[in-house]
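Read through the structure below, which is laid out as C-alpha coordinates, and then see the notes.
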Amino acid sequence: MIATRIYNFSSGPAVLPQPALEEAQRHLMALPGVGMSVLEISHRSKAFEDILARAEASLRELAGVPADYAVLFLQGGASLQFSMVPLNLLAPAATADYVITGSWSEKAAAEARRVGQVHVAASTRADRFTRIPRQEELSLTPGAAYVHITSNNTIEGTQWHALPDVGDVPLVSDASSDILSRPLAVGRHGLLYAGAQKNLGPAGLTVVIVRRDLLSRTPGDLHTMLRYTTHAENGSLYNTPPVFAIYLLGLVLDWVRGQGGPEAMARTNARKAAKLYAEIDRSGFYRGTARRESRSLMNVTFRLPTEELEARFVAGATAAGLDGLAGHRSVGGIRASLYNAFPEAGVDALVGFMQDFERRNG
Ligand code: PMP
(Lines give C-alpha, C1' and ligand atoms only; values in the text may rest on other atoms or scores of the structure.)
Protein backbone atom coordinates (compact mmCIF):
# COMPACT_ATOMS: atom_id res chain seq x y z
CA MET A 1 0.00 0.00 0.00
CA ILE A 2 1.30 3.47 -0.85
CA ALA A 3 1.22 5.85 2.10
CA THR A 4 -0.77 9.04 1.58
CA ARG A 5 1.40 11.81 0.19
CA ILE A 6 0.86 15.34 1.46
CA TYR A 7 1.81 18.57 -0.33
CA ASN A 8 5.53 19.11 0.20
CA PHE A 9 6.65 22.74 -0.17
CA SER A 10 10.18 22.00 1.08
CA SER A 11 13.02 24.02 -0.45
CA GLY A 12 15.18 20.91 -0.75
CA PRO A 13 15.48 18.04 -0.57
CA ALA A 14 12.15 18.52 -2.22
CA VAL A 15 9.20 16.74 -3.77
CA LEU A 16 10.10 14.33 -6.58
CA PRO A 17 7.83 13.21 -9.43
CA GLN A 18 5.67 10.35 -8.21
CA PRO A 19 6.18 8.22 -11.37
CA ALA A 20 9.94 8.35 -10.78
CA LEU A 21 9.53 7.23 -7.17
CA GLU A 22 7.14 4.47 -8.22
CA GLU A 23 9.53 3.11 -10.80
CA ALA A 24 12.41 3.19 -8.31
CA GLN A 25 10.19 1.36 -5.84
CA ARG A 26 9.17 -1.29 -8.40
CA HIS A 27 12.79 -1.97 -9.28
CA LEU A 28 14.41 -1.51 -5.90
CA MET A 29 14.81 -5.21 -5.16
CA ALA A 30 16.15 -6.06 -8.60
CA LEU A 31 16.71 -4.11 -11.79
CA PRO A 32 15.02 -5.91 -14.70
CA GLY A 33 17.52 -8.19 -16.38
CA VAL A 34 20.12 -7.59 -13.68
CA GLY A 35 18.65 -9.42 -10.69
CA MET A 36 20.27 -7.05 -8.19
CA SER A 37 19.30 -3.69 -6.81
CA VAL A 38 20.84 -0.53 -8.22
CA LEU A 39 22.04 -0.02 -4.63
CA GLU A 40 24.08 -3.21 -4.80
CA ILE A 41 25.78 -3.28 -8.18
CA SER A 42 29.28 -2.14 -9.02
CA HIS A 43 29.62 1.30 -10.49
CA ARG A 44 31.89 -0.39 -13.05
CA SER A 45 29.17 -2.85 -14.12
CA LYS A 46 27.62 -2.67 -17.58
CA ALA A 47 24.22 -2.10 -15.95
CA PHE A 48 25.42 1.00 -14.11
CA GLU A 49 27.42 2.28 -17.07
CA ASP A 50 24.17 2.20 -19.04
CA ILE A 51 22.30 4.05 -16.28
CA LEU A 52 25.00 6.74 -16.18
CA ALA A 53 25.16 7.08 -19.95
CA ARG A 54 21.36 7.38 -20.19
CA ALA A 55 21.19 10.01 -17.45
CA GLU A 56 23.89 12.05 -19.13
CA ALA A 57 22.28 11.72 -22.55
CA SER A 58 18.92 12.80 -21.14
CA LEU A 59 20.44 15.80 -19.42
CA ARG A 60 22.29 16.77 -22.58
CA GLU A 61 19.09 16.50 -24.60
CA LEU A 62 16.77 18.29 -22.15
CA ALA A 63 19.19 21.03 -21.11
CA GLY A 64 20.44 21.47 -24.68
CA VAL A 65 24.07 20.93 -23.70
CA PRO A 66 26.38 21.61 -26.66
CA ALA A 67 29.01 18.99 -27.57
CA ASP A 68 31.89 21.16 -26.37
CA TYR A 69 30.63 21.01 -22.79
CA ALA A 70 31.41 18.27 -20.28
CA VAL A 71 28.68 17.01 -17.94
CA LEU A 72 30.03 15.90 -14.55
CA PHE A 73 28.22 14.01 -11.79
CA LEU A 74 29.91 14.94 -8.52
CA GLN A 75 29.32 14.90 -4.78
CA GLY A 76 29.82 17.52 -2.07
CA GLY A 77 26.73 19.56 -2.90
CA ALA A 78 26.61 22.98 -4.51
CA SER A 79 28.65 24.09 -1.51
CA LEU A 80 31.72 22.18 -2.72
CA GLN A 81 31.34 23.99 -6.05
CA PHE A 82 31.77 27.28 -4.18
CA SER A 83 35.38 26.03 -3.77
CA MET A 84 35.90 23.93 -6.91
CA VAL A 85 34.91 26.76 -9.24
CA PRO A 86 37.64 29.14 -8.04
CA LEU A 87 40.18 26.36 -7.40
CA ASN A 88 39.89 25.31 -11.05
CA LEU A 89 39.13 28.58 -12.82
CA LEU A 90 40.68 31.39 -10.77
CA ALA A 91 44.45 31.89 -10.74
CA PRO A 92 45.72 33.52 -7.51
CA ALA A 93 46.60 36.81 -9.20
CA ALA A 94 43.41 36.92 -11.27
CA THR A 95 40.06 38.49 -10.43
CA ALA A 96 36.62 36.89 -10.47
CA ASP A 97 33.46 39.00 -10.44
CA TYR A 98 30.69 37.94 -8.09
CA VAL A 99 27.17 39.31 -8.21
CA ILE A 100 25.80 39.08 -4.69
CA THR A 101 22.06 38.50 -4.57
CA GLY A 102 21.66 36.49 -1.40
CA SER A 103 23.31 34.36 1.21
CA TRP A 104 24.29 31.58 -1.20
CA SER A 105 26.16 34.02 -3.44
CA GLU A 106 27.87 35.46 -0.35
CA LYS A 107 29.01 31.99 0.60
CA ALA A 108 30.28 31.34 -2.92
CA ALA A 109 32.27 34.60 -2.91
CA ALA A 110 33.74 33.85 0.52
CA GLU A 111 35.31 30.63 -0.78
CA ALA A 112 36.64 32.35 -3.91
CA ARG A 113 38.40 34.94 -1.71
CA ARG A 114 40.53 32.12 -0.31
CA VAL A 115 41.80 31.42 -3.83
CA GLY A 116 42.20 34.72 -5.67
CA GLN A 117 40.84 38.23 -6.02
CA VAL A 118 37.09 38.75 -5.79
CA HIS A 119 35.41 41.85 -7.12
CA VAL A 120 31.79 42.38 -6.11
CA ALA A 121 30.29 43.40 -9.44
CA ALA A 122 27.01 44.30 -7.73
CA SER A 123 25.25 43.53 -4.49
CA THR A 124 21.63 44.03 -3.53
CA ARG A 125 22.37 43.53 0.17
CA ALA A 126 21.42 47.20 0.86
CA ASP A 127 17.93 46.27 -0.43
CA ARG A 128 17.92 43.18 1.81
CA PHE A 129 18.33 41.04 -1.31
CA THR A 130 14.78 41.78 -2.45
CA ARG A 131 15.86 42.13 -6.05
CA ILE A 132 18.26 41.17 -8.83
CA PRO A 133 20.51 43.99 -10.06
CA ARG A 134 19.91 45.56 -13.46
CA GLN A 135 22.50 45.19 -16.20
CA GLU A 136 23.61 48.84 -15.85
CA GLU A 137 24.35 48.30 -12.15
CA LEU A 138 27.00 45.67 -12.87
CA SER A 139 30.59 46.89 -12.63
CA LEU A 140 32.37 44.14 -14.52
CA THR A 141 36.13 43.68 -14.48
CA PRO A 142 37.58 43.62 -18.01
CA GLY A 143 39.33 40.28 -18.51
CA ALA A 144 37.90 38.75 -15.31
CA ALA A 145 38.42 35.01 -14.84
CA TYR A 146 34.63 34.60 -14.74
CA VAL A 147 31.43 36.25 -13.52
CA HIS A 148 29.49 34.29 -10.90
CA ILE A 149 25.74 34.61 -10.39
CA THR A 150 23.14 32.67 -8.39
CA SER A 151 20.37 32.19 -10.94
CA ASN A 152 17.69 31.61 -8.30
CA ASN A 153 18.00 32.75 -4.72
CA THR A 154 16.33 29.97 -2.78
CA ILE A 155 16.20 31.82 0.54
CA GLU A 156 15.28 35.30 -0.66
CA GLY A 157 12.82 34.24 -3.38
CA THR A 158 14.37 36.11 -6.29
CA GLN A 159 15.46 34.91 -9.72
CA TRP A 160 17.35 36.21 -12.74
CA HIS A 161 14.77 36.38 -15.52
CA ALA A 162 17.36 37.28 -18.15
CA LEU A 163 21.04 36.39 -18.04
CA PRO A 164 23.42 39.33 -17.63
CA ASP A 165 25.55 40.34 -20.59
CA VAL A 166 29.14 39.63 -19.52
CA GLY A 167 30.78 39.86 -22.93
CA ASP A 168 33.51 37.29 -23.51
CA VAL A 169 34.03 36.53 -19.83
CA PRO A 170 32.73 33.06 -18.86
CA LEU A 171 29.46 33.23 -16.94
CA VAL A 172 29.29 30.81 -13.99
CA SER A 173 25.87 30.14 -12.55
CA ASP A 174 24.74 28.41 -9.40
CA ALA A 175 21.51 26.99 -10.82
CA SER A 176 20.79 24.74 -7.84
CA SER A 177 17.25 25.90 -7.35
CA ASP A 178 16.03 26.49 -10.89
CA ILE A 179 17.89 24.12 -13.21
CA LEU A 180 15.56 22.63 -15.84
CA SER A 181 12.65 24.70 -14.55
CA ARG A 182 12.94 26.58 -17.85
CA PRO A 183 15.16 26.44 -20.96
CA LEU A 184 18.77 26.89 -19.92
CA ALA A 185 20.88 28.62 -22.62
CA VAL A 186 23.88 26.51 -21.62
CA GLY A 187 25.90 28.02 -24.48
CA ARG A 188 25.81 31.42 -22.78
CA HIS A 189 27.61 29.96 -19.75
CA GLY A 190 31.16 28.88 -19.08
CA LEU A 191 29.96 26.66 -16.27
CA LEU A 192 26.71 25.80 -14.48
CA TYR A 193 26.37 23.82 -11.29
CA ALA A 194 23.44 22.54 -9.29
CA GLY A 195 22.83 20.37 -6.29
CA ALA A 196 20.30 17.80 -7.49
CA GLN A 197 17.97 17.88 -4.51
CA LYS A 198 15.48 20.45 -5.80
CA ASN A 199 14.67 19.94 -9.47
CA LEU A 200 16.75 16.94 -10.50
CA GLY A 201 16.67 14.15 -7.94
CA PRO A 202 17.76 13.23 -4.44
CA ALA A 203 20.52 14.81 -2.35
CA GLY A 204 24.05 13.52 -2.78
CA LEU A 205 24.49 14.37 -6.45
CA THR A 206 25.80 17.63 -7.88
CA VAL A 207 25.67 18.31 -11.60
CA VAL A 208 28.36 20.45 -13.25
CA ILE A 209 28.17 21.49 -16.90
CA VAL A 210 31.42 23.07 -18.05
CA ARG A 211 32.78 24.31 -21.37
CA ARG A 212 35.70 22.08 -22.18
CA ASP A 213 38.18 24.83 -23.04
CA LEU A 214 37.95 26.04 -19.42
CA LEU A 215 39.27 22.70 -18.20
CA SER A 216 42.76 23.74 -19.33
CA ARG A 217 42.82 26.28 -16.50
CA THR A 218 42.93 23.64 -13.75
CA PRO A 219 46.27 24.08 -11.96
CA GLY A 220 48.55 21.06 -12.18
CA ASP A 221 49.06 20.78 -8.43
CA LEU A 222 45.38 20.82 -7.43
CA HIS A 223 44.23 17.77 -5.47
CA THR A 224 42.95 14.97 -7.66
CA MET A 225 39.36 14.90 -6.42
CA LEU A 226 39.02 18.70 -6.65
CA ARG A 227 40.04 18.80 -10.31
CA TYR A 228 37.29 19.04 -12.91
CA THR A 229 39.72 17.38 -15.31
CA THR A 230 39.84 14.23 -13.16
CA HIS A 231 36.09 13.78 -13.42
CA ALA A 232 35.87 14.87 -17.07
CA GLU A 233 38.62 12.47 -18.16
CA ASN A 234 37.04 9.58 -16.27
CA GLY A 235 33.44 10.14 -17.26
CA SER A 236 32.44 10.83 -13.63
CA LEU A 237 33.78 7.38 -12.72
CA TYR A 238 37.15 8.27 -11.20
CA ASN A 239 35.83 7.01 -7.88
CA THR A 240 32.48 5.62 -6.75
CA PRO A 241 29.80 8.08 -7.84
CA PRO A 242 26.44 8.50 -6.04
CA VAL A 243 24.90 5.62 -7.96
CA PHE A 244 21.37 5.72 -6.59
CA ALA A 245 21.09 9.49 -7.03
CA ILE A 246 22.26 9.19 -10.66
CA TYR A 247 19.74 6.41 -11.26
CA LEU A 248 16.93 8.53 -9.86
CA LEU A 249 18.11 11.55 -11.86
CA GLY A 250 17.57 9.43 -14.98
CA LEU A 251 14.02 8.62 -13.90
CA VAL A 252 13.28 12.28 -13.08
CA LEU A 253 14.59 13.32 -16.49
CA ASP A 254 12.34 10.74 -18.16
CA TRP A 255 9.46 12.40 -16.34
CA VAL A 256 10.56 15.90 -17.42
CA ARG A 257 10.70 14.67 -21.02
CA GLY A 258 7.24 13.18 -20.67
CA GLN A 259 5.92 16.52 -19.43
CA GLY A 260 7.21 18.17 -22.61
CA GLY A 261 10.69 19.24 -21.50
CA PRO A 262 11.93 22.53 -20.01
CA GLU A 263 9.67 24.70 -22.22
CA ALA A 264 6.59 22.93 -20.89
CA MET A 265 7.98 23.00 -17.35
CA ALA A 266 8.47 26.76 -17.68
CA ARG A 267 4.84 27.25 -18.71
CA THR A 268 3.53 25.15 -15.83
CA ASN A 269 5.90 26.77 -13.34
CA ALA A 270 4.85 30.25 -14.47
CA ARG A 271 1.18 29.32 -14.02
CA LYS A 272 1.75 27.82 -10.56
CA ALA A 273 3.73 30.82 -9.29
CA ALA A 274 1.28 33.32 -10.84
CA LYS A 275 -1.60 31.79 -8.89
CA LEU A 276 0.25 32.19 -5.62
CA TYR A 277 1.53 35.70 -6.33
CA ALA A 278 -1.99 36.73 -7.39
CA GLU A 279 -3.28 35.64 -4.00
CA ILE A 280 -0.47 37.53 -2.22
CA ASP A 281 -1.16 40.69 -4.26
CA ARG A 282 -4.93 40.45 -3.86
CA SER A 283 -4.74 40.70 -0.13
CA GLY A 284 -3.23 43.36 2.12
CA PHE A 285 -2.80 40.59 4.67
CA TYR A 286 0.01 38.76 2.88
CA ARG A 287 3.04 40.70 1.69
CA GLY A 288 5.51 39.41 -0.89
CA THR A 289 9.13 39.99 0.10
CA ALA A 290 10.73 40.14 -3.37
CA ARG A 291 10.27 43.02 -5.78
CA ARG A 292 7.88 42.09 -8.54
CA GLU A 293 10.36 42.17 -11.42
CA SER A 294 12.73 39.87 -9.50
CA ARG A 295 10.21 37.37 -8.14
CA SER A 296 11.23 33.73 -8.24
CA LEU A 297 8.97 31.18 -9.88
CA MET A 298 10.57 28.49 -7.70
CA ASN A 299 10.54 29.90 -4.17
CA VAL A 300 7.65 32.21 -3.33
CA THR A 301 8.45 34.16 -0.14
CA PHE A 302 5.96 36.25 1.82
CA ARG A 303 5.17 37.63 5.25
CA LEU A 304 2.10 37.91 7.43
CA PRO A 305 1.40 40.93 9.68
CA THR A 306 3.21 39.41 12.70
CA GLU A 307 5.63 36.59 13.43
CA GLU A 308 3.06 35.15 15.77
CA LEU A 309 0.58 34.87 12.88
CA GLU A 310 3.32 33.33 10.73
CA ALA A 311 3.94 30.64 13.32
CA ARG A 312 0.22 29.95 13.48
CA PHE A 313 0.02 29.89 9.67
CA VAL A 314 2.81 27.31 9.39
CA ALA A 315 1.33 25.13 12.12
CA GLY A 316 -2.17 25.32 10.61
CA ALA A 317 -0.86 24.56 7.13
CA THR A 318 1.08 21.54 8.38
CA ALA A 319 -2.05 20.25 10.09
CA ALA A 320 -3.89 20.70 6.78
CA GLY A 321 -1.31 18.59 4.91
CA LEU A 322 0.73 21.50 3.51
CA ASP A 323 4.25 20.86 4.74
CA GLY A 324 7.54 22.77 4.65
CA LEU A 325 6.21 26.34 4.44
CA ALA A 326 8.43 27.99 7.08
CA GLY A 327 10.90 30.45 5.56
CA HIS A 328 14.65 29.83 5.87
CA ARG A 329 15.75 30.21 9.48
CA SER A 330 17.92 33.21 8.57
CA VAL A 331 15.00 35.31 7.25
CA GLY A 332 11.81 33.86 8.74
CA GLY A 333 8.45 34.41 7.07
CA ILE A 334 6.82 31.94 4.72
CA ARG A 335 8.38 30.21 1.71
CA ALA A 336 6.52 28.01 -0.73
CA SER A 337 8.91 26.10 -2.98
CA LEU A 338 7.25 25.16 -6.27
CA TYR A 339 9.86 23.10 -8.09
CA ASN A 340 9.08 21.16 -11.27
CA ALA A 341 7.58 18.18 -9.47
CA PHE A 342 5.35 20.25 -7.18
CA PRO A 343 1.77 19.65 -8.36
CA GLU A 344 -0.48 22.54 -9.37
CA ALA A 345 -3.24 21.10 -7.16
CA GLY A 346 -0.95 21.80 -4.19
CA VAL A 347 -0.81 25.48 -5.15
CA ASP A 348 -4.62 25.55 -5.32
CA ALA A 349 -4.75 23.94 -1.89
CA LEU A 350 -2.37 26.54 -0.46
CA VAL A 351 -4.35 29.42 -1.98
CA GLY A 352 -7.51 27.98 -0.42
CA PHE A 353 -5.76 27.67 2.94
CA MET A 354 -4.49 31.27 2.70
CA GLN A 355 -7.98 32.62 2.01
CA ASP A 356 -9.43 30.67 4.89
CA PHE A 357 -6.60 31.71 7.24
CA GLU A 358 -7.08 35.37 6.33
CA ARG A 359 -10.83 35.15 6.97
CA ARG A 360 -10.21 33.74 10.41
CA ASN A 361 -7.26 35.96 11.36
CA GLY A 362 -7.30 39.02 9.09
N1 PMP B 1 23.13 27.33 -3.75
C2 PMP B 1 21.79 27.47 -3.70
C3 PMP B 1 21.13 28.42 -4.63
C4 PMP B 1 21.04 26.69 -2.81
O5 PMP B 1 19.72 26.80 -2.77
C6 PMP B 1 21.71 25.76 -1.98
C7 PMP B 1 20.98 24.84 -1.03
N8 PMP B 1 19.76 25.16 -0.63
C9 PMP B 1 23.10 25.69 -2.04
C10 PMP B 1 23.77 26.46 -2.95
C11 PMP B 1 23.87 24.73 -1.15
O12 PMP B 1 23.66 23.49 -1.67
P13 PMP B 1 24.18 22.13 -0.99
O14 PMP B 1 23.39 21.95 0.24
O15 PMP B 1 23.89 21.14 -2.07
O16 PMP B 1 25.63 22.29 -0.73
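The values are calculated or read from the model by the stated rules, or taken from the named source; none is laboratory data. Predicted model, so just to flag it, every value in this text is computed and none were measured. Using ideal geometry, Cβ is built from the backbone for each residue, glycine included, and neighbour counts are taken over all protein chains shown. When the accessible area is computed, the model is the full protein with side chains, heavy atoms only, and any ligands, DNA or RNA have been set aside. Shrake-Rupley method; radii C 1.70, N 1.55, O 1.52, S 1.80 Å.
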Against the rule of thumb 2.2 N^0.38 Å, how large the Cα Rg of segment 50-154 comes out
1.22
What nm distance separates the two modelled labels at ALA67 and GLU263, each placed 7 Å from Cα along Cα→Cβ?
2.3 nm
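Can you tell me the dipole magnitude for segment 244-361 around its Cα centre, using point charges on the Cβ only (Lys, Arg +1; Asp, Glu -1), in Debye to the nearest 20?
280 debye
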Given 25 °C, 0.890 mPa s and a Kirkwood radius over Cα pairs, the Stokes-Einstein diffusion coefficient of segment 216-318 in µm²/s is 134 µm²/s
Could you run the Karplus curve 6.51 cos²θ - 1.76 cosθ + 1.60 with θ = phi - 60° over segment 262-275 and give me ³J(HN,Hα) per residue in whole Hz, x for Gly and Pro?
x, 5, 5, 4, 4, 5, 5, 4, 5, 5, 4, 5, 4, 4
If one computes the Cα centroid of segment 158-196 and of segment 299-314, what distance in Å separates the two points?
31 Å
Tell me the trypsin sites (Lys or Arg not before Pro) within segment 267-362 that lie in a loop according to DSSP and have at most 11 other beta-carbon atoms within 10 Å.
ARG329
Using a Förster distance of 25 angstrom, determine the FRET efficiency expected from the C-beta separation of HIS27 and GLU49, and round it to 0.05.
0.90
Kindly provide log₁₀ I(q)/I(0) values, in the same order as q = 0.18, 0.19 Å⁻¹, from the Debye equation applied to equal alpha-carbon scatterers of segment 6-65.
-0.85, -0.91
Using +1 at the C-beta of Lys and Arg and -1 at the C-beta of Asp and Glu, which of GLN159, VAL115, GLN135 has the Cα lying farthest in the positive direction of the dipole of segment 14-172?
VAL115
Sparse-neighbourhood loop hits (trypsin sites (Lys or Arg not before Pro), segment 1-86; DSSP loop; Cβ within 10 Å at most 10 others) -> ARG44
Using a 1.4 Å probe, what is the accessible area per residue for the chain, in Å²?
42 Å²
How large is the helix-only mean residue ellipticity at 222 nm for the chain, computed as the sum of -39500 (n - 2.57) over DSSP H runs with n ≥ 4, divided by its residue count, in deg cm²/dmol to the nearest 500?
-11500 deg cm²/dmol
All alpha-carbon distances of the chain, grouped into 10 Å bins from 0, give the whole-percent distribution 5, 24, 31, 25, 12, 3, 0
Which value, in debye to the nearest 20, gives the size of the charge dipole of segment 21-258 about its Cα centre, when Lys and Arg are +1 and Asp and Glu are -1 at the Cβ?
160 debye
Which Cα, out of GLY288, GLN259, ALA341, lies furthest along the positive dipole direction of segment 239-362 (beta carbon charges, K/R +1, D/E -1)?
GLY288
Taking all protein chains in place and a 1.4 Å probe, what share, in percent, of the accessible surface of segment 21-258 do carbon and sulfur account for?
54 percent
So which trypsin sites (Lys or Arg not before Pro) in segment 126-213 end up in coil per DSSP with only 16 or fewer other C-beta atoms within 10 Å?
ARG128, ARG134
